[in-house]
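Below: the structure, in structure tokens.
Bear in mind that the values in this text are calculations on the coordinates, not laboratory data. What you see is a predicted model; the values in this text were computed from it and never measured. Every residue, glycine among them, receives a Cβ derived from its backbone with ideal geometry; neighbour counts consider all protein chains shown.
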Amino acid sequence: MTPRAASMLERAGLLARHELDGATLAMHRTMSCFWQSNHLRTYDSLGEPVRIVDRLRFDGILLEKAVESGASAVRDDPVTRVCPGSPCVLETRSGRRIEARVVVGADGADSLVRRRSGRACNRLFGFGIECFVETPPGLPDGLQIHFGIVPWGYGWLFPRGRDVCVGVGAIGRRVSPPATRAALGRLIGKACPGLAERPVLRAAPIPGYGIDLSPVPGRVFLCGDAAGLTDRLTGEGIGHAVESGFLVARAVLEGWSGDRLFREAGRGCAGIVRQSSAARLLLYHPLLRRAAMRKLAANDKFFAGYWDLISGAVDYRGLLLGFLRSSRWPPASP
Ligand SMILES: Cc1cc2nc3c(=O)[nH]c(=O)nc-3n(C[C@H](O)[C@H](O)[C@H](O)COP(=O)(O)OP(=O)(O)OC[C@H]3O[C@@H](n4cnc5c(N)ncnc54)[C@H](O)[C@@H]3O)c2cc1C
């Protein structure tokens, strides 16, 4: 979880610092980047840390808060049918029928609500796969990002204390799940050699849908992955899901128009996601990525800018402008 997402939760009064800490397994201010097997650079930030959260615990706390605030939670009975209208009608697997004035589809990358409410679902396919393995002896603390192991994506090692999350993710037309899985195997082999057991792999789609927040006639809203709010460069989506959830809640309670919701989101999560589509070209395009990697290796500017981005101090546009102003482009070889 980025510092931007953590501070948003705190500022909104949804989670107190100690509750956030309770769901946090590790905090990191150090990030090392690699191109294939070559170490490019390690950066230590003085800013707020990136948190590695226990997703079950974190999501559980949010659910508890919702129930404390008056929500009724229905478990183990997924929605199987969505009929927009006045009222909207939902049906669940057990045959339960729910009538609602407003529906908010926060149902993730393969959103049924999105598919059943007449919205565009053409997408740039994304896919992430990860596992948790015992921390190998001698693994340096800090986040590791591995570029050049899959096209249009990267691998990661996120130490969580006793274990480390190793994963690979990518978004794009060339993304192939078998190739992503093979890249994960190679990354595990290199970073954590001699594992006693084969790790359990967990995979999920990363949406590349167009951003769609507008309420369709029939008062059906979307947020998070369902609304296409996943960063196209990093795959990050927790913070955008939380932010868009807040925005949609305000839109419903305060009766915002679709245009107002679109504008407000454009100043935050939706704007960042839109810009990330352009920023990813600079990092991943075959004609540009070697220059970008040289730039990464050359000095701390990119990392400092990236930390500003994930802290919410700048957006991608600000990051790139600052970066271009401060350096020659294209860069010379180191
Ligand atoms: C391998 C991988 C690693 C990632 N790592 C990061 C990371 O480090 N940081 C980060 O910020 N993001 C990361 N992401 C992205 C992040 O997980 C998502 O962007 C984020 O979870 C989106 O939140 P959401 O609430 O929109 O959807 P989800 O978290 O997917 O939640 C959707 C919920 O809806 C429920 N649901 C779905 N369909 C139905 C139905 N029909 N009826 C009832 N309930 C339903 C699901 O059970 C689920 O609980 C990663 C993604 C992947 C695949």
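So the values come out like this:
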item	result
Sequence of His28, His285 once ranked by neighbouring C-beta atoms within 10 Å, starting from the fewest	His285, His28
At most 16 other Cβ within 10 Å, DSSP loop - trypsin sites (Lys or Arg not before Pro), the range 236-334	Arg267, Arg328
Quotient of Cα Rg and 2.2 N^0.38 Å for the range 9-59, N being how many residues it contains	1.48
The range 1-85 - Rg over Rh from alpha carbon coordinates, Kirkwood radius	1.15
Pairwise label distance in nanometres, Ser7 with Arg181, each label 7 Å out on the Cα-Cβ vector	4.1
Label-point separation in nm, Asp59 to Val89, each point 7 Å along Cα→Cβ	2.9
The range 217-334: radius of gyration and largest Cα-Cα distance (Dmax), Å	16.9, 57
Spread of Cα-to-Cα distances over 10 Å intervals beginning at zero, given as percent, for the range 1-153	8, 24, 29, 24, 12, 3, 0
Translational diffusion of the chain, µm² s⁻¹ [Kirkwood Rh, Cα pairs; Stokes-Einstein; 10 °C; 1.306 mPa s]	75
For the range 65-112: rounded, prolate or oblate by the Cα gyration tensor [a/c cutoff 1.5]	rounded
Estimated dipole of the chain in Debye, rounded to 20 [Cβ of Lys and Arg +1, of Asp and Glu -1, Cα centre]	1240
Which of Cys83, Cys269, Cys33 has the fewest Cβ neighbours within 10 Å, and the rest in rising order	Cys83, Cys33, Cys269
Gyration tensor (alpha-carbon) shape descriptor, the range 132-204, a/c threshold 1.5	prolate
Share of alpha-carbon pairs per 5 Å distance bin for the range 264-329, given as whole %	4, 17, 25, 28, 16, 7, 2, 0
Label-point separation in nm, Arg260 to Thr42, each point 7 Å along Cα→Cβ	5.1
Residues Arg162 and Arg97, FRET efficiency given R0 of 56 Å [Cβ-Cβ distance, rounded to 0.05]	0.75
Ascending count of other beta-carbon atoms within 10 Å, so fewest first, for Leu46, Leu324	Leu46, Leu324
Furthest towards positive pole of dipole, Cys131, Ala109, Ala120, structure part the range 97-140, Cβ charges	Ala120
Farthest positive-ward along the chain dipole, Cα basis, beta-carbon charges - from Pro140, Leu213, Leu324	Leu324
For the range 249-310 versus the range 141-180, the gap between their alpha-carbon centres in whole angstrom	19
Orientation-averaged projected area, Cα convex hull of the range 126-277 (nm²)	10.5
Sum of side-chain charges, Val82 neighbourhood, beta-carbon under 9 Å (Lys, Arg +1; Asp, Glu -1)	+2
Modelled FRET efficiency - R0 41 Å, Asp77 with Lys190, Cβ distances, 0.05 increments	0.40
